[in-house]
Amino acid sequence: MWGKIIHWIEVRIGLEELVDKHSREFHTPKGATFWSTFGFVTLIAFIVQAVTGIMLMLYYIPHPEYAFKSVQTITNEIPYGWLFRSIHNVGGNMIMALIIIHLVHVFLRVSYKKPREITWMSGVLMFFLVLLTLISGHLLPWHQIGFWQTTVTSSVPAFLPIIGEGISSYIRGGELVTGITLSRFFAFHVVILPVFIVTLILIHVLLIRRQGLSTSSIIEPDDDTATQDEFKRQVHLESQPIFPYFATKRLFMVICYFTVIFFILTFLPNLFMPIDANIQADPTITPESIRPEWYFLAPYQLMKIIPNDILGISLITIFCAVLLLWPFFDPTETSRNIHKRPLLFSLAAIVLGLWAILTIWGMYS
Ligand code: HEM
């Protein structure tokens, strides 16, 4: 019976050839380590967010009077509602951590060079869009923390000269965070931003499939991509079919991802859901301290310590633009071996160090 069904499908869509093309024929460099699996784990993390998000959306009501209550109902009354909510909450933080690890890895591997400039730029855009998706999601439960964090984060664009005020009030749908902001953030969180992210994921993955994964130029000699003037799939000196070798590494890392999620749910349930997350938003009571989530603390702290707001927001904007266009700042003919690039390595170390210092400073100030 099974055989007949599979044959029926095979005749119509050529499944065998399709699987062969994407598993046995797709080769990965022999030196592809566990670090090279983080892009894939991020992809799985994104799918987990989509599935749990859809489950929450079935019961969530995007209205200031009912939003908080509907989230409480999901947590306390709907069967397994607490599980979907907790995975979605912890998963949001995990996806940010995974993207940062993946970004740092591809940077240190210098994989962004020709012909992978578009892969890098689509990645940076996804990084920004995922950040905005998390920020918009934070308002949805309509609790004290989310409400006041949104009041702070939505005022950041206002520091931009001329257009800033307009952007802030467009994001909020007025001067203050209100029910209009909630509807707007709901639309951003569940439709607008995910549509852009999914489109970028398709571009990102298609390019990786077309070009192949980059070799590690620490193990292999630098390739000649600088002079390449026609499309060429990456050829590795020693390579292995993605299945079963690299696929097993990916599977192991996905299991690690779920282990971390369930470890946090079991032993640190309040790590990303503090007590104030159980208090309904009250625009008349300002909490003693309002701090954005950990992934937004560095730019927030930078804005706080730089006395001139325009200078602070300009620095952040320049940083984002340089990150997006980074492949064009690194000359094509320079080596891809990070061991031969002490300046590049130092730059990465300084940026990461400053990011960590600002984040820790922001946490305790
Ligand atoms: C939602 C976010 C992202 C997803 C789902 C994703 C997905 C992937 C996947 C599946 C791969 C194949 C290799 C692997 O499994 O690691 C990959 C490779 C790559 N990614 Fe991402 N990625 C994301 C974000 C980023 C970011 C933020 C950057 C950098 C700014 C980036 C740049 C790259 C580059 C340059 C490669 C090619 C690496 C190579 O050829 O060695 N990606 N990504």
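In the stretch 225-250, what residues are within 12 Å of the ligand (Cβ to nearest atom) and at pLDDT 90 or above?
Here is the first cut: in the stretch 225-250, the residues within 12 Å of the ligand (Cβ to nearest atom) are 225, 233-234, 236, 242, 246-247, 249-250.
Those that are within 12 Å of the ligand (Cβ to nearest atom) and at pLDDT 90 or above: PHE246, ALA247, LYS249, ARG250.
From the set of residues in the stretch 32-57 that are near the ligand (Cβ under 9 Å from one of its atoms) and of a type in the set (Ser, Thr, Tyr), which is modelled with the lowest pLDDT? Let's see the steps before the verdict.
Keep residues of the stretch 32-57 that are near the ligand (Cβ under 9 Å from one of its atoms), which gives 32, 35-46.
Now restrict to residues that are of a type in the set (Ser, Thr, Tyr): 36-37, 42.
Values: SER36: 94, THR37: 97, THR42: 98.
Per the criteria, the residue is SER36.
What number goes with the only condition from (1) surrounded by fewer than 17 Cβ atoms within 10 Å (Cβ to Cβ); (2) of a type outside the set (Gly, Ala, Ser); (3) not in a loop (DSSP other than H, G, I, E, B) that VAL235 does not pass?
Here VAL235 clears every test but (3).
Considering only residues that are part of a loop (DSSP other than H, G, I, E, B) and open to solvent by 80 Å² or more (accessible area, probe 1.4 Å), which ones fall in the stretch 185-232? Walk me through how you get there before you give the answer.
Start the filter on the stretch 185-232 by keeping residues that are part of a loop (DSSP other than H, G, I, E, B), which leaves 212-224, 228-232.
Matches in the stretch 185-232: ILE218, ILE219, PRO221, ASP224, ASP229, GLU230, PHE231, LYS232.
Among what's in the stretch 157-184 and is without any contact (Cβ under 8 Å) to a residue 12 or more places away in the chain and in a loop (DSSP other than H, G, I, E, B), pick the residue that is surrounded by the most Cβ atoms within 10 Å (Cβ to Cβ). Spell out the reasoning first.
Going through the stretch 157-184, the residues without any contact (Cβ under 8 Å) to a residue 12 or more places away in the chain turn out to be 158, 162-163, 165-167, 169-170, 173-175, 180.
Next, from what is left, pick out any that are in a loop (DSSP other than H, G, I, E, B): 162-163, 173-175.
Working: ILE162: 6, ILE163: 11, GLY173: 16, GLY174: 14, GLU175: 9.
If we take residues in the stretch 157-184 being without any contact (Cβ under 8 Å) to a residue 12 or more places away in the chain and in a loop (DSSP other than H, G, I, E, B), then GLY173 is surrounded by the most Cβ atoms within 10 Å (Cβ to Cβ).
Kindly indicate the residue of the stretch 114-156 that is within 30 Å of ASP330 (Cα to Cα), more than 9 Å from the ligand (Cβ to nearest atom) and outside any helix (DSSP H, G or I) and also least open to solvent (accessible area, probe 1.4 Å) among those meeting that condition.
Only one residue fits best here, namely PRO115.
Search the stretch 318-341 for residues being at pLDDT below 95 and assigned to a helix (DSSP H, G or I), and hand back the single one that is least open to solvent (accessible area, probe 1.4 Å).
ILE338
Just to be sure I understand, how many residues within the stretch 93-113 are open to solvent by less than 20 Å² (accessible area, probe 1.4 Å) and touching a residue at least 60 places away in the same chain (Cβ under 8 Å)?
The number of residues fulfilling the criteria is 7.
Among what's in the stretch 29-62 and is part of a loop (DSSP other than H, G, I, E, B) and closer than 30 Å to VAL104 by Cβ, pick the residue that is least open to solvent (accessible area, probe 1.4 Å). First the steps, then the outcome.
Of all residues in the stretch 29-62, those part of a loop (DSSP other than H, G, I, E, B) come to 30-33, 58-62.
Then drop every residue that is not closer than 30 Å to VAL104 by Cβ, which leaves 30-33.
Numbers: LYS30: 108, GLY31: 26, ALA32: 4, THR33: 59 Å².
Applying the filter and picking the extreme gives ALA32.
Just the residues that are within 19 Å of PHE258 (Cα to Cα) and either of a type in the set (S, T, N, Q) or without any contact (Cβ under 8 Å) to a residue 60 or more places away in the chain (or both), please, taken from the stretch 1-47.
Within the stretch 1-47, the subset within 19 Å of PHE258 (Cα to Cα) is 34-47.
Once the filter is applied, which keeps residues that are within 19 Å of PHE258 (Cα to Cα) and either of a type in the set (S, T, N, Q) or without any contact (Cβ under 8 Å) to a residue 60 or more places away in the chain (or both), the stretch 1-47 yields SER36, THR37, THR42, ILE47.
Would you point out the residue of the stretch 342-362, among those that are among the small types (Gly, Ala, Ser) and surrounded by 12 or more Cβ atoms within 10 Å (Cβ to Cβ), that is nearest to GLY123 (Cα to Cα)? Even if it seems obvious, please write down each step before you answer.
Initially, the stretch 342-362 is screened for residues among the small types (Gly, Ala, Ser), giving 346, 348-349, 353, 356, 362.
With surrounded by 12 or more Cβ atoms within 10 Å (Cβ to Cβ) added as a condition, the list becomes 348, 362.
Working: ALA348: 17, GLY362: 26 Å.
Out of the qualifying residues, it is ALA348.
Taking the condition of being open to solvent by 100 Å² or more (accessible area, probe 1.4 Å) and not in a helix (DSSP H, G or I), how many residues in the stretch 1-28 meet it? Walk me through how you get there before you give the answer.
First, pick out the residues of the stretch 1-28 that are open to solvent by 100 Å² or more (accessible area, probe 1.4 Å): 1-2, 4, 7-8, 12-13, 16-17, 21, 24-25.
From what is left, the residues that are not in a helix (DSSP H, G or I) are 1, 24-25.
Final tally of qualifying residues: 3.
Do the conditions hold for ILE279, that is, is it surrounded by 13 or more Cβ atoms within 10 Å (Cβ to Cβ), touching a Leu at 6+ places or on another chain (Cβ under 9 Å), of a type in the set (A, V, I, L, M) and more than 30 Å from THR28 (Cα to Cα)? Explain how you work it out, then say what you get.
On the way: surrounded by 13 or more Cβ atoms within 10 Å (Cβ to Cβ): yes; touching a Leu at 6+ places or on another chain (Cβ under 9 Å): no; of a type in the set (A, V, I, L, M): yes; more than 30 Å from THR28 (Cα to Cα): yes.
Judged against the criteria, ILE279 is not a match.
Here are some residues: GLN234, GLN280. Which one is over 20 Å from THR359 (Cβ atoms) and in contact with a His (Cβ under 8 Å, 6 or more places away or on another chain)?
Numbers: GLN234 fails: in contact with a His (Cβ under 8 Å, 6 or more places away or on another chain).
The conditions single out GLN280.
Taking the stretch 103-113 on its own, how many of its residues are in a helix (DSSP H, G or I) and either aromatic (Phe, Trp, Tyr) or within 14 Å of LEU323 (Cβ to Cβ) (or both)? Walk me through it before giving the result.
So in the stretch 103-113, the residues in a helix (DSSP H, G or I) come out as 103-108.
Checking which are either aromatic (Phe, Trp, Tyr) or within 14 Å of LEU323 (Cβ to Cβ) (or both) leaves us with 103-104, 106-107.
Adding up the residues that qualify gives 4.
Does VAL90 fit the bill of being assigned to a helix (DSSP H, G or I), within 16 Å of the ligand (Cβ to nearest atom) and under 15 Å from THR42 (Cα atoms)? Outline the logic, then answer.
Numbers: assigned to a helix (DSSP H, G or I): yes; within 16 Å of the ligand (Cβ to nearest atom): no; under 15 Å from THR42 (Cα atoms): yes.
Against the criterion (assigned to a helix (DSSP H, G or I), within 16 Å of the ligand (Cβ to nearest atom) and under 15 Å from THR42 (Cα atoms)), VAL90 does not qualify.
The values are calculated or read from the model by the stated rules, or taken from the named source; none is laboratory data. Given the structure is predicted, the values throughout are model-derived calculations rather than measurements. We place every Cβ from the backbone using ideal geometry, glycine too, and count neighbours over all the protein chains shown. What goes into the accessible areas is simple: the full protein's heavy atoms, side chains included, and nothing from ligands, DNA or RNA. Shrake-Rupley method; radii C 1.70, N 1.55, O 1.52, S 1.80 Å.
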